[in-house]
1. Looking at the structure I just gave you, is Ile151 modelled with pLDDT of 95 or more and either within 17 Å of the chain's Cα centre (by Cα) or not hydrophobic (A, V, I, L, M, F, W, C) (or both)?
2. Working only within the stretch 262-283, note down all residues that are under 19 Å from the mean Cα position of the chain (by Cα), over 18 Å from Pro101 (Cβ atoms) and either crowded, with 21+ Cβ neighbours inside 10 Å or not assigned by the TED database to the domain that holds Leu237 (or both).
3. Suppose we filter Pro364, Pro393 for residues that are more than 24 Å from Ser330 (Cβ to Cβ) and at pLDDT below 90; which single one remains?
4. Given Thr353, Thr390, Thr313, Thr293, which one is of a type in the set (Val, Ile, Thr), open to solvent by 40 Å² or more (accessible area, probe 1.4 Å) and touching a Leu at 6+ places or on another chain (Cβ under 7 Å)?
5. With the checklist (1) open to solvent by 40 Å² or more (accessible area, probe 1.4 Å); (2) in a strand (DSSP E or B); (3) not charged (D, E, K, R) in hand, flag the one item Pro200 doesn't pass.
6. Kindly list the number of the only condition in (1) more than 14 Å from the chain's Cα centre (by Cα); (2) open to solvent by 40 Å² or more (accessible area, probe 1.4 Å); (3) in contact (Cβ under 8 Å) with a residue 40 or more places away in the chain that fails for Asn97.
7. Give me the pairs: first residue in the stretch 202-225 and not assigned by the TED database to the domain that holds Gly102 and aliphatic (A, V, I, L, M), second residue part of a loop (DSSP other than H, G, I, E, B) and open to solvent by 10 Å² or more (accessible area, probe 1.4 Å), beta-carbon distance under 6 Å, and six or more apart or on different chains, which are they?
8. Can you name every residue in the stretch 254-309 that is of a type outside the set (Gly, Ala, Ser), touching a Ser or Thr at 6+ places or on another chain (Cβ under 7 Å) and in a loop (DSSP other than H, G, I, E, B)?
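The values are calculated or read from the model by the stated rules, or taken from the named source; none is laboratory data. Predicted, not measured: the structure shown is a model, and the values here were computed from it. A quick note on method: Cβ atoms are made from the backbone with ideal geometry, for glycine too, and the neighbour counts reach across all protein chains shown. Surface accessibility is based on the protein's heavy atoms, side chains included, excluding ligands, DNA and RNA. Shrake-Rupley method; radii C 1.70, N 1.55, O 1.52, S 1.80 Å.
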Amino acid sequence: MATLETCLATTKEIRNHIRDLELPDSLDKTYKTGPDEVVQVAGRACGGNHHPGSIPPPCGNYPASSGHQSGTRFDQAQVKNVVVKPLCKEQRIPTVNGSLPGPTINVREGDTLVVHVINNSTFSITIHWHGVFQLKSPWMDGANMITQCPIQPRNNFTYRFDITGQEGTLFWHAHVVNLRATLHGALIIRPRSGRPYPFPKPYKEVPLVFGQWWDTDIEQLNLRPAPICEAYLINGLAGDSYPCSENRMFKLKVIQGKTYLLRIINAALNTHLFFKIADHNVTVVSVDAAYTTPYGSDVMILTPGQTVDALLTADQPIGMYYMSIIPYLSASSLAPAPPRKVINSLIVYKGATSTTSPSRSLMPSQINSVSTAHRFSSNITSLVGGPYWTPVPRHVDEKMFVTMGLGLEQYALRKPSVLVRQVSASLVLSATVLFLCQERFLSKKLIFII
């Protein structure tokens, strides 16, 4: 892994290059941070003083503002190691505020979010705000070795950015190797005060965070890709599919006739997941914090990092019903198959007795149920005329062809050091290209072919 000194040199070089682009005033103004502040990394100065209107170094600590300001949300995230036992073995893991998954952050569209991260763990970390546009605030994106140096143990960093033009469910997670396996949580963006949802107001909102679990030390997850996991989790619990966790299962208590907004997040590292509720249909109303045409379905597919907002009406007889996830792998012949155990959580209707046997979800029978996944994904369309809806441009100024690889070559296993250098170089290049494109095409429409 690159050293802290390498990170500082790289970010300085990119920053100097960006200054040469003569960014527009509107972009530069977003970096005003107040009076002279000394940026600290690993206990020493990193870039010295910076003044209002200047671009601060992308690696350092920005003290959180004190007090409460209108439209500004302050949160504190204390990263620390704790011992947990989702399955049969205790494991020491890094967490935010001691919980798995981490705390939910609630904001409204138009707010400024300020999160002061205190790293009391033994790991170097960053926090990435997955799906947030980061308009004019790229240094707050939390991409390790790209937009900032990692936050060293016993150090801190304050993220501050505006959330505009987005409503719905996103999430935050660590962005250093595979630490996001345990460092993640929901980021919920509600409409501005007085502005309604473009669907009936639900009785209650419920985050559902799907994750993966390994019965191994988190430090052993530095491999890319990560090894096959032992289990999947729903809100940090493996449910009754494993003997050591059969009495630890997430339960959602509902009232018959009420409608609930499920804010579903696939925080798994590398696995698509089917999600289904026994004997119930849901109505999808948003994907990745973008409103969709309401779509009714009895099953969902979520890719890693994807979020889905879905309305669930408790319209079945009083009883208990499983909410279940199971992996989906279309290229099953190219990669090792993940565990196929169904992971359960539970819907419990008010008035149901403890002796009631839960109704089970009929999950897709094959790990590569392409038709089921395609049926769901191909029916998701943007909500025409909804909040922040933008028509697809008919005229395109520039066409760009972008390729992506799966990284399945055996070569990567034989020469991991070479692979790391190649990946690091490509990531630094991508950061530079991002700003070049922003400067060159600021007023043009682009189409990306991926």
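1. Working: modelled with pLDDT of 95 or more: yes; either within 17 Å of the chain's Cα centre (by Cα) or not hydrophobic (A, V, I, L, M, F, W, C) (or both): no.
No.
2. Residue satisfying the conditions is Phe274 alone.
3. Numbers: Pro364 fails: more than 24 Å from Ser330 (Cβ to Cβ).
Within the list Pro364, Pro393, the selection yields Pro393.
4. Thr293
5. Single failed check for Pro200: (2).
6. Going through (1) more than 14 Å from the chain's Cα centre (by Cα); (2) open to solvent by 40 Å² or more (accessible area, probe 1.4 Å); (3) in contact (Cβ under 8 Å) with a residue 40 or more places away in the chain one by one, Asn97 breaks only (3).
7. Pairs that qualify, where the first residue is not assigned by the TED database to the domain that holds Gly102 and aliphatic (A, V, I, L, M) and the partner is part of a loop (DSSP other than H, G, I, E, B) and open to solvent by 10 Å² or more (accessible area, probe 1.4 Å), are Val209/Pro101; Val209/Asn235.
8. Asp279, Asn281, Asp288, Pro304
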